Amino acid sequence: MTAFHLVFRTGLKALLVMLMATLLTVMTAQVIMRYGFNSSLLWSEELCRYLLIWCSFLAMVFAFERGEIAALSILADSLPRVPALALAIVGGVLSAAMCGALAWYGYLYAKLVGSQPIPAISFILGDIFGSSAPAAPTVFWVYFALPLGMMLLGLRIAINIVHYLRAWADGRTLQDLAASHGGPGQ
């Protein structure tokens with residue numbers, strides 16, 4: 001594992017832990033407010049939904065690396081070394097292209113419809129600062145989770161393609177790669 005990959009994974013894990021801790025804190029506060037004080041935080045459900053969206057799209061890279069994203073490997077496992085690697089490379093290129101298309105069109109969609117402020121954060125800022133509250137970020141940042149997640153997944157798939165090409169040149173098989181990198185997505 002390269003130093004960059006290690007730093008990236010550590011940073012992404014830290015970000016995911018922070019997002020999940022925030023999600024858990026807001027949900028706990030909502031339960032306490034609702035059942036303990038017979039009141040409600042108007043913005044908590046919406047904020048939790050947005051945090052869960054971000055967690056889901058950012059964690060896709062780890063799900064891919066652990067082999068938890070649906071894949072049909074029956075054919076590749078039954079083929080000889082070279083055709084199996086060729087199939088893996090073609091599949092990787094097509095998957096990366098699909099991730100790129102989803103990232104591009106997801107970004108265009110976020111830009112097109114994401115101009116209104118996020119209501120939950122508007123409520124929070126209004127509660128904290130009153131009438132002099134700063135402007136809330138726009139919904140663009142909620143929708144941006146999809147293109148960012150797809151871009152990160154596409155880059156991770158591109159790394160796999162490089163591993164497949166190296167295996168082809170070195171005479172290794174897909175099974176050798178899985179054994180040496182610790183799993184199906186690596």
Check: Applying the selection to segment 106-121, what residues are of a type outside the set (A, V, I, L, M, F, W, C) and without any contact (Cβ under 8 Å) to a residue 40 or more places away in the chain?
Finding: Tyr109, Lys111, Gly114, Ser115, Gln116, Pro117
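Among the residues of segment 143-158 satisfying the criterion of being free of Cβ contacts under 8 Å to residues at least 60 places away in the same chain and hydrophobic (A, V, I, L, M, F, W, C), which is nearest to Phe8 (Cα to Cα)? Steps first, please.
Of the residues in segment 143-158, the ones free of Cβ contacts under 8 Å to residues at least 60 places away in the same chain are 143-144, 147, 151, 154-155.
This time we only want the ones that are hydrophobic (A, V, I, L, M, F, W, C), so: 144, 151, 155.
Working: Phe144: 19, Met151: 14, Leu155: 12 Å.
Step by step, filter segment 143-158, then rank; the result is Leu155.
Output yes when any residue across segment 77-92 is assigned to a helix (DSSP H, G or I), of a type outside the set (Gly, Ala, Ser) and under 15 Å from the mean Cα position of the chain (by Cα), and no when none is. It would help to see each step written out before you state the result.
Looking only at segment 77-92, we keep the residues that are assigned to a helix (DSSP H, G or I), and these are 77-78, 81-92.
Now drop any that are not of a type outside the set (Gly, Ala, Ser), which leaves 77, 81-83, 85, 87, 89-90.
From what's left, under 15 Å from the mean Cα position of the chain (by Cα): none.
No, segment 77-92 contains no residue that is assigned to a helix (DSSP H, G or I), of a type outside the set (Gly, Ala, Ser) and under 15 Å from the mean Cα position of the chain (by Cα).
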Notebook entry, point to check: For Leu75, all conditions in the list (1) over 28 Å from Lys13 (Cβ atoms); (2) at pLDDT 90 or above; (3) surrounded by fewer than 20 Cβ atoms within 10 Å (Cβ to Cβ) hold save one; what is the number of the exception?
Noted result: (2)
Checklist line | Checking Thr173 against (1) closer than 17 Å to Leu58 by Cα; (2) in contact with a helix residue (DSSP H, G or I) (Cβ under 6 Å, 6 or more places away or on another chain); (3) not aliphatic (A, V, I, L, M), the condition it does not meet | finding: (1)
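Given the criteria surrounded by 14 or more Cβ atoms within 10 Å (Cβ to Cβ), modelled with pLDDT under 95 and assigned to a loop (DSSP other than H, G, I, E, B), does Ala120 qualify? Lay out the reasoning, then the answer.
Details: surrounded by 14 or more Cβ atoms within 10 Å (Cβ to Cβ): yes; modelled with pLDDT under 95: yes; assigned to a loop (DSSP other than H, G, I, E, B): no.
No, not satisfied.
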Item checked: Cβ pairs under 6 Å, 6+ apart, first in segment 124-142 and closer than 25 Å to Ala110 by Cα, second β-branched (Val, Ile, Thr) -> Ala136/Ile118; Ala136/Ile121; Pro137/Ile118; Val139/Ile118
Margin query: So the check is Cβ under 7 Å with 6+ separation or different chains; which pairs have a first residue in segment 38-56 that's farther than 20 Å from Met150 by Cβ and free of Cβ contacts under 8 Å to residues at least 24 places away in the same chain and a second one that's surrounded by fewer than 19 Cβ atoms within 10 Å (Cβ to Cβ) and of a type in the set (Lys, Arg)?
Written below: Ser40/Arg34
Margin query: Could you check segment 1-17 and list, in sequence order, the residues that are assigned to a helix (DSSP H, G or I), among the aliphatic types (A, V, I, L, M) and surrounded by fewer than 12 Cβ atoms within 10 Å (Cβ to Cβ)?
Written below: Ala3, Leu6, Val7, Ala14, Val17
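Those residues that are assigned to a loop (DSSP other than H, G, I, E, B) and over 29 Å from the mean Cα position of the chain (by Cα), I need them from segment 135-177; list them, please. Quick ask: steps written out before the conclusion?
Taking segment 135-177 as the starting set, the residues that turn out to be assigned to a loop (DSSP other than H, G, I, E, B) are 135-137, 139, 144, 171-173.
The answer is Gly171, Arg172.
Just to check your reading of the model, which residue among Tyr107, Tyr143 is at pLDDT 85 or above, farther than 18 Å from Ile161 by Cα and in contact with a Pro (Cβ under 7 Å, 6 or more places away or on another chain)?
Values: Tyr143 fails: in contact with a Pro (Cβ under 7 Å, 6 or more places away or on another chain).
When all the criteria are applied, what remains is Tyr107.
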Check: Residues in segment 48-68 that are part of a loop (DSSP other than H, G, I, E, B) and either exposed (fewer than 14 other Cβ atoms within 10 Å of the Cβ) or in contact with a Lys or Arg (Cβ under 6 Å, 6 or more places away or on another chain) (or both): how many?
Finding: 1
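The values are calculated or read from the model by the stated rules, or taken from the named source; none is laboratory data. Every value quoted in this text rests on a predicted model; they were computed, and no experiment measured them. Quick reminder, even Gly has a Cβ in these numbers, built from the backbone with ideal geometry, and neighbours come from all protein chains shown.
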